[in-house]
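Student: I have a structure here, written as structure tokens, and I will follow up with some questions on it.
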Amino acid sequence: MAELGELVTFSNGRARPAAGARYRTYGANGVIGTSGQFNAGPRSTVVGRVGSYCGTVHYSPGRCWVTDNAIIATARDGVNPRYVHYLLKRLDLNRYRIGSGQPLLTHAILNGLPVPRLGRAEQDAAASVLGALDDKIEVNGRIAAGGDALVRARYDEAAAAAGAVIAIGELGDLVSRGVPPQRIGRDENYIALEHMPKRHMWLSTWTDASGVTSAKRRFAAGDVLFGKLRPAFHKVGLAFVDGVASSDILVVRAKDADRRGWLLAALASDDVVAHACAVSDGTRMPRARWQDIAAFTVPWPGDGAARAFGGFAAALARRVEAAASESAALAKLRDALLPELIP
């Protein structure tokens, strides 16, 4: 056995620099934007230092900027940098945090953790197998991001040429019936706001409903979910599975499946989200109302063009869904192999 400090050096991140687009910026919860400078070299591991994401672990293949909410972990000479990433994931660092109101990880805690002393060949082998799985997951993530960008670009193009408008309420209906907790199965899929990525229209993350204790909204695969609490967070996406959603989410069902793509792109557009923000009730915790969103008009290219767009969006959604399903299986395999390859 060895102490972690024998394999890794730790340094704190710094406050975010002036804006730029050259390097990724990491906070405690992963990538939070970009910057024009870097303070961590390639193949660094980023560890959440403070707050609710204390102990989370992220890997940066290239140079990046790390904020002061996180710690930069750098492999010492002779140690495989990507092995360090998986070693830190294996350690489940959140359990070593100190403090209750504001959890914290310190360099002293990290340096003293006992770890296996694997030779370089063993490190390389573990990093190669686990890294190949994560690399494929990353590729699938880029497929989803590319699909999102393409749908938005096609929508903007068609919207600019549209000669009419249509109310959102003519494209979709609100699913308003609540489901009491006693009628929700523990193994049902559950989507809350934290499972919805910002400005990304594919919902590929959820959990089971075993912890649900209050009424929710039931949704079906193909429904569009719109985060009504703090709509400025721009959480709008297409559900790939059936399940139940938080009461902070509006469930919108397309009136016509062939127009679903236009409904999705419209609800996820900057214009609709900006309108939802403008008419939200509340200051600290603003909430959007369906009646305000339903009455809002969006460009309408005509029924034929909208249906063609719907077919295009549906094909992309199927490809993204397949990639997301593959990524879930790969992540499950990676997590199963991790304790076998790094004892």
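Student: Yes or no: the range 2-12 includes at least one residue that is more than 22 Å from Gln123 (Cβ to Cβ) and either assigned to a loop (DSSP other than H, G, I, E, B) or open to solvent by less than 10 Å² (accessible area, probe 1.4 Å) (or both). Show your work before the answer.
Tutor: Taking the range 2-12 as the starting set, the residues that turn out to be more than 22 Å from Gln123 (Cβ to Cβ) are 12.
Filter once more, keeping what is either assigned to a loop (DSSP other than H, G, I, E, B) or open to solvent by less than 10 Å² (accessible area, probe 1.4 Å) (or both): none.
Looking for residues that are more than 22 Å from Gln123 (Cβ to Cβ) and either assigned to a loop (DSSP other than H, G, I, E, B) or open to solvent by less than 10 Å² (accessible area, probe 1.4 Å) (or both), one finds none in the range 2-12, hence no.
Student: If you don't mind, another one. Give, as residue ranges, the helices (runs of 4 or more DSSP H) completely inside the range 194-300 that count at least 1 residues that are at pLDDT 95 or above, within 15 Å of Tyr155 (Cβ to Cβ) and over 21 Å from the mean Cα position of the chain (by Cα). Let's see the steps before the verdict.
Tutor: Values: elements: 260-267, 270-278, 290-294.
Where helices (runs of 4 or more DSSP H) fall fully within the range 194-300 and carry at least 1 residues being at pLDDT 95 or above, within 15 Å of Tyr155 (Cβ to Cβ) and over 21 Å from the mean Cα position of the chain (by Cα), they are 260-267, 270-278.
Student: Restricting the range 162-179 to residues that are modelled with pLDDT under 95 and open to solvent by 30 Å² or more (accessible area, probe 1.4 Å), which is nearest to Val273 (Cα to Cα)?
Tutor: From the range 162-179, those modelled with pLDDT under 95 are 163, 176-179; that's our starting set.
Imposing the further condition that a residue be open to solvent by 30 Å² or more (accessible area, probe 1.4 Å) reduces the set to 163, 176-178.
On the way: Gly163: 22, Ser176: 20, Arg177: 24, Gly178: 24 Å.
Looking at the filtered set, the residue picked out is Ser176.
Student: Would you confirm whether any residue within the range 193-214 is of a type in the set (Asp, Glu) and surrounded by fewer than 19 Cβ atoms within 10 Å (Cβ to Cβ)?
Tutor: The first filter runs over the range 193-214 and keeps only residues of a type in the set (Asp, Glu), leaving 194, 208.
If we keep only those that are surrounded by fewer than 19 Cβ atoms within 10 Å (Cβ to Cβ) too, we end up with 194, 208.
Checked the range 193-214: at least one residue is of a type in the set (Asp, Glu) and surrounded by fewer than 19 Cβ atoms within 10 Å (Cβ to Cβ).
Student: Give me a count of the residues in the range 111-125 that are over 8 Å from Ala2 (Cα atoms) and of a type in the set (Lys, Arg).
Tutor: The number of residues fulfilling the criteria is 1.
Student: Output the qualifying pairs, or none if there are none: Cβ atoms under 9 angstrom, residues six or more apart or on different chains, first residue in the range 164-188 and assigned to a loop (DSSP other than H, G, I, E, B), second residue of a type in the set (A, V, I, L, M) and surrounded by fewer than 13 Cβ atoms within 10 Å (Cβ to Cβ).
Tutor: These pairs meet every condition: Val175/Ala220.
Student: If you don't mind, there's one more thing I want to ask. For the range 70-97: of the residues being under 25 Å from Arg16 (Cα atoms) and of a type in the set (Val, Ile, Thr), which is most open to solvent (accessible area, probe 1.4 Å)?
Tutor: Thr74
Student: Now for a different question. Of the conditions (1) farther than 21 Å from Ile342 by Cα; (2) touching a residue at least 12 places away in the same chain (Cβ under 8 Å); (3) in contact with a strand residue (DSSP E or B) (Cβ under 6 Å, 6 or more places away or on another chain), Ala73 satisfies every one except a single condition; which number is it?
Tutor: Checking Ala73 against (1) farther than 21 Å from Ile342 by Cα; (2) touching a residue at least 12 places away in the same chain (Cβ under 8 Å); (3) in contact with a strand residue (DSSP E or B) (Cβ under 6 Å, 6 or more places away or on another chain), the one that fails is (1).
Student: With (1) within 21 Å of Val236 (Cα to Cα); (2) in contact (Cβ under 8 Å) with a residue 40 or more places away in the chain as the list, and Ala153 as the residue in question, which single condition is left unmet?
Tutor: Ala153 satisfies every listed condition except (2).
Student: Restricting the range 144-161 to residues that are open to solvent by 50 Å² or more (accessible area, probe 1.4 Å) and in contact with a helix residue (DSSP H, G or I) (Cβ under 8 Å, 6 or more places away or on another chain), which is nearest to Thr207 (Cα to Cα)?
Tutor: This residue is Leu150.
The values are calculated or read from the model by the stated rules, or taken from the named source; none is laboratory data. Values in this document were obtained by computation on a predicted structure and should not be read as measured data. Glycine gets a Cβ as well: all are built from the backbone with ideal geometry, and neighbour counts include every protein chain shown. The area values use the complete protein model at the heavy-atom level, side chains included, leaving out ligands, DNA and RNA. Shrake-Rupley method; radii C 1.70, N 1.55, O 1.52, S 1.80 Å.
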